[in-house]
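Novice: Sharing a structure, written as structure tokens. Questions coming.
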Amino acid sequence: RGVKAWLPVMYGCNNFCSYCIVPYVRGRERSRRPENILAEARELVASGYKDITLLGQNVNSYGKDLGTGVDFAYLIEEINKIEGEFVIRFMTSHPKDATRRLFETMAACEKAANHIHLPFQAGNSRVLKAMNRGYTKEQYLDLIAMAREIIPDIVLTSDVIVGFPGETDEEFEDTLDVIRKVRFDSLFTFIYSKRKGTPAAEMPDPFTREEKQKRFDRLIEIQNAISSEKHAQYVGKTMRVLVDGEGEGGGYNLTARTKGGRLVHLNGDKSLIGSFIDVEITGSTNWGLFAKLK
Ligand code: SF4
């Protein structure tokens, strides 16, 4: 029996970030019709799925190409109305298209996860411009402040590229500054890698792989400390989690997720897979939590 389902809401991307090949290979944004998405969501819930992730390269621009006034927040509102206990997740969100309405809708819809994956990629505004991301460091930080004002317990994750062509050591400091200011729950960090046919592949790239690796290692060290601190704050709390699968060794036979998407390891009967249960968080690391049944 499936627990997690992925539901594509749109295909393609219009953004042409200068390092990314997706718009060339997947074409322009095409949103699926809302009635088809909602019918599929109802079927997934009826078949017992408990964790539904709405997928698109940039879900925040959902609906713009349909010209009917529907937007991504509308999809969350409508899926939230489906009867039953399940979690609505989504990815990926582009910061330039994340709106107050999106966060207010997440806050108002009890099934929407209190989590957003909001890739910032770089902290320096010149680098962001060269990446063609469409926002500055300040705008990104303002967006995070707005998200936290509307959803105080929001879990924030992000993607970062280290060593974009021409990014200097000083510019990289801005990436670290964003990480320290935002205090993401976790990060997906990549060293820049060239994609043939993109504008960034033609940009001068004077820094060596070794220099970029040093920056990467520093970033990981800073982020691991933040993730550890954030996860430690869960210890002793009772949380409702969805048991979503079997553990892979390590002395715990089940895995679960908090509503915010944090990984939880616990022991219990396999029949719990697919159930929402209350657990007590007993321990943590920089990458996850440990819990026992209540
Ligand atoms: Fe589109 Fe994301 Fe690629 Fe940018 S990084 S072009 S938003 S798919």
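Just so you know, all these numbers are worked out from the coordinates, no wet-lab data involved. Computed from a predicted model, the values in this text were never measured in an experiment. Positions of Cβ are backbone-derived with ideal geometry, glycine not excepted, and every protein chain shown enters the neighbour counts.
Novice: Of LYS230/LYS259; LYS4/LYS181; LYS96/LYS214, which ones are farther than 27 Å apart at the Cα?
Specialist: Beyond 27 Å: LYS4/LYS181; LYS96/LYS214.
Novice: Viscosity 1.002 mPa s, temperature 20 °C: give me the Stokes-Einstein translational D for segment 149-228 in µm²/s, with Rh taken as the Kirkwood radius over C-alpha pairs. Don't skip to the answer; put the middle values down first.
Specialist: Numbers: Rh = 13.7 Å.
For these conditions, the coefficient is 156 µm²/s.
Novice: Among 108-116, 42-50, how do they line up by average Cβ neighbours within 10 Å per residue, starting with the highest?
Specialist: Per-residue Cβ counts within 10 Å, averaged per peptide and sorted highest first, yield 108-116, 42-50.
Novice: Separate question: What helices in the chain pass both tests, a Cα length along the helix axis of 15 Å or more and a mean Kyte hydropathy of -0.5 or higher, using whole DSSP H runs? Please report the intermediate quantities before stating the final value.
Specialist: Values: long enough: 34-46 (18 Å, 0.12); 137-150 (20 Å, -0.11); 169-182 (20 Å, -0.76); 209-232 (34 Å, -1.43).
Result, helices passing both filters: 34-46, 137-150.
Novice: Quick one: plug the Kirkwood hydrodynamic radius of the chain (C-alpha pairs) into Stokes-Einstein at 10 °C, 1.306 mPa s, and report D in µm²/s.
Specialist: On the way: Rh = 20.3 Å.
My calculation gives 78 µm²/s for D.
Novice: Still on this structure: Ignoring everything except DSSP H segments at least 4 long, calculate the 222 nm mean residue ellipticity for the chain; use -39,500 (n - 2.57) per segment, divide by total residues, nearest 500.
Specialist: Theoretical 222 nm ellipticity from helices: -10000 deg cm²/dmol.
Novice: Same structure, new question: Can you run the Rg to Rh ratio on segment 148-294? Use alpha carbon positions and the Kirkwood inverse-distance Rh.
Specialist: 1.09
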